[in-house]
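Student: Here's a structure for you.
What follows draws every value from the coordinates through simple rules; no lab data is involved. These numbers were taken from a predicted model, which means no experiment stands behind them. Note that each Cβ is placed from the backbone with ideal geometry, even for glycine, and that neighbours are counted across all protein chains shown.
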Amino acid sequence: MPTENSPLKRPNSKMELFIGFTLLALQGVGGVLAVAQQELVERRQWMSRAQFLEEWSVAQILPGPNIVNLALMLGRQYFGIYGALAAVAGLLVAPLILVLLMAILFGGVADNPVAQGALKGMGAVSAGLIIATGLKLSTAFKQNPLGLNVAWLLVLATFVSVGLFRLPLLWVLSAIGLIGCGLAYRSLLNTDAMAKADSGDSSGSSSGSDST
């Protein structure tokens, strides 16, 4: 299993990008987050956990399906606009054909209790996969400029707001997201100021020793 310090790989061609997202989409039964993390981070190593967490957060804020937004960003990063189109095409073409075939087949058994029970059971498995992936990605909080405690506090605040109080997602993202951005910006400014101060001190002591 790759670590955060492992060197990242990159797709060798737009065709490899297309095939990668096609396989990702075909595995994403009941939810694609867990499969995307497994495929892009652990198997193909196109992204680190920290990069996946950051870009998935951006993909959630942008309009449209999260995984499509992620495919656009990753494809454009490696091969420009054509890479973005290749990634999205891989994500949509094969699943579209499969869904059309399944719709034709499922139409005849939609009222069957066994089929309905299977779908409900798949929903429970999907929820478990999402929770497990969230816990796995939480290890990237150690590299977050907010620090581990503040990051978990924002996670808890988001869970309580959406899961318990049922507040609209847009309000929660706007409020807690802006708070998180502000705290991260302040932390980065403080880190930069401390780095400049340390650099000034080291250069001053160096010049003083040269003069003596």
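Student: Based on alpha-carbon centroids, what's the gap between the range 60-99 and the range 110-152 in Å, whole number please?
Tutor: Result: 21 Å between the Cα centres.
Student: Once the Cα atoms of helix 113-137 and of the chain are each reduced to a long axis, what angle between those two axes, in degrees from 0 to 90 to the nearest 10, is obtained?
Tutor: 10 degrees
Student: Specify the angular offset, from 0 to 90 degrees and rounded to the nearest 10, of the alpha carbon long axis of helix 66-106 from the longest principal axis of the alpha carbons in the chain.
Tutor: It is inclined by approximately 20 degrees.
Student: Taking just the C-alpha trace of the range 144-203, give me its Rg and Dmax in Å.
Tutor: So, for the range 144-203, Rg and Dmax equal 15.9, 55 Å respectively.
Student: Exactly which chymotrypsin sites (Phe, Trp or Tyr not before Pro) in the range 5-111 are in a DSSP loop and have at most 16 other Cβ atoms within 10 Å?
Tutor: none
Student: What is the angle, in °, between the Cα long axis of helix 148-159 and the longest principal axis of the Cα atoms in the chain? Nearest 10 is fine, range 0 to 90.
Tutor: Compared with the principal axis, the helix lies near 30 degrees.
Student: On to the next question. Which lysines have a Cα lying under 26 Å from the Cα of Lys120, excluding residues fewer than 8 positions away in the same chain?
Tutor: Result set, ordered by chain and number: Lys136.
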